Amino acid sequence: MASKKEKGDSVAGKRSRVTIMDVAQRANVDQAVVSKVLRNDPGLRVRDETRQRVIDIASQLRYSPNIYARNLATARTGAFGLLVPDFRNPLNAEIIAGAEAVATERDLLLWTASSDGYGSEQYAAVVNGGLVDALLIAGVRTDEPLRDLVTAAQIPTLLVNRRSPDADRWVILEDQRAASLATDHLIALGHRKIGFVGGPTWADNATRRMEGFRASMEAANIELDERLVVSGNYSSAGGAEAVKRLLARGEPPTALVVAYAIAALGAWRHLHDCGFSVPGDISIVGIHQLPLEQQRVPALTCVRLPLRLLGRTAAQLVLDTPADEPIHAVVKDKIAVVTGGTAGPPRPR
């Protein structure tokens, strides 16, 4: 008969198996830090002494995820993947953090990769190469070469804030509602000549945001000047280029709804370069809230969407839903306009 653990023994002694939580508590760090240290994540930034403390405590407690051995009988890798367009985008980091929290809680590995420059061979290696048990695809193009691979994938896949006619598994945000809130905020300030800087035409969430903008303008009985509606992409350069085209079409608007916060920064910068003051001459409201370190002064007035919750929900869905079942999910959480310094009442012209 096994002896009872004496008081003062490892917390893990109360359970049948040492967990990542035990290591985290003993090392006085977050579980995500333990996970990253033990898999030697190159993106982790911690002090050397912290890294060594985690390794030493994991060794003392004889903790090892041993994921591959644990899942050998079921032919599972114990890992799932997440494709994002660009690691440098701080908004993608929020989605990654949400998915990573689920991986940590379940003692799984999360493999993340940037889809920039990916071709059909790289996609095939990820989707069908036995590297992961499931794959989340966030914010990347759902046309060729990815579309056919998703359709024929040998593992469960889930589109994150994208929908595609060829994919029956997706989770999205309330993008239409977010754009409506941004537009309503400007209308409440007194604006009537409102422009819209949208996302790429192939992006489903860009379409939904455009629909939200148009719906609010129509509900307020404001005639929309189509010359003030432009499409771009979700980069800073894309926002600047889109506003450049908009300004070339004639009299500028008194306000802009920009479908992505990073594009809004580019639009703002271009307006400044052209001699317009924000919000004095043109107000701006963007979609998504940027992290503090990415914000300008004054801060961008924006609509905050729950990106971290999106990542968490996506991970839970792809791991818990049978592979042959469709997923049509909408992440609903409190959406609010975050008042910054880029939106105010219109000036008389």
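The values are calculated or read from the model by the stated rules, or taken from the named source; none is laboratory data. The shown structure was predicted, so the numbers you read here are calculated from the model rather than taken from an experiment. Here Cβ is always computed from backbone atoms with ideal geometry, including for glycine, and neighbour counts include all displayed protein chains.
With respect to the conditions (1) of a type outside the set (Val, Ile, Thr); (2) crowded, with 19+ Cβ neighbours inside 10 Å; (3) modelled with pLDDT of 80 or more; (4) farther than 28 Å from Leu317 by Cα, Ala12 lacks only one, and its number is (3).
List every residue pair whose Cβ atoms sit under 6 Å apart, with the two residues 6 or more apart in sequence or on different chains, where the first one lies in region 292-314 and is crowded, with 17+ Cβ neighbours inside 10 Å and the second, anywhere, is modelled with pLDDT of 85 or more and among the hydroxyl-bearing types (Ser, Thr, Tyr). Note: pairs meeting the criteria are Leu300/Thr342; Thr301/Thr339; Thr301/Thr342.
Considering Gly130, Gly81, the condition of being modelled with pLDDT under 75, of a type outside the set (D, E, K, R), assigned by TED's automatic domain parsing to the domain that holds Ile155 and not in a helix (DSSP H, G or I) is satisfied by Gly130 alone. The test for being in contact with a helix residue (DSSP H, G or I) (Cβ under 8 Å, 6 or more places away or on another chain) and surrounded by 24 or more Cβ atoms within 10 Å (Cβ to Cβ) does not hold for Val229.
Take region 41-78 and flag every residue that is among the acidic types (Asp, Glu) and at pLDDT 85 or above. Within region 41-78, Asp48, Glu49, Asp56 qualify. Being outside the structural domain of Val84 (by TED's automatic domain parsing), surrounded by 13 or more Cβ atoms within 10 Å (Cβ to Cβ) and part of a loop (DSSP other than H, G, I, E, B) is true of Gly340.
For first residues located in region 211-236 and free of Cβ contacts under 8 Å to residues at least 24 places away in the same chain, partners that are part of a strand (DSSP E or B) and lie 6+ apart or on another chain with Cβ distances below 7 Å do not occur.
Answer yes or no as to whether Leu309 is touching a helix residue (DSSP H, G or I) at 6+ places or on another chain (Cβ under 7 Å), hydrophobic (A, V, I, L, M, F, W, C) and over 24 Å from Arg106 (Cα atoms). Working first, answer last.
Numbers: touching a helix residue (DSSP H, G or I) at 6+ places or on another chain (Cβ under 7 Å): yes; hydrophobic (A, V, I, L, M, F, W, C): yes; over 24 Å from Arg106 (Cα atoms): no.
Criteria not met by Leu309.
Could you tell me how many of the residues in region 151-170 are in contact with a helix residue (DSSP H, G or I) (Cβ under 6 Å, 6 or more places away or on another chain) and either modelled with pLDDT under 90 or of a type in the set (Gly, Ala, Ser) (or both)? Walk me through how you get there before you give the answer.
So in region 151-170, the residues in contact with a helix residue (DSSP H, G or I) (Cβ under 6 Å, 6 or more places away or on another chain) come out as 153-154, 156-158, 160-163, 166-167.
Of the ones still in play, those that are also either modelled with pLDDT under 90 or of a type in the set (Gly, Ala, Ser) (or both) are 153-154, 156-157, 162-163, 166-167.
Residues that pass the stated criteria total 8.
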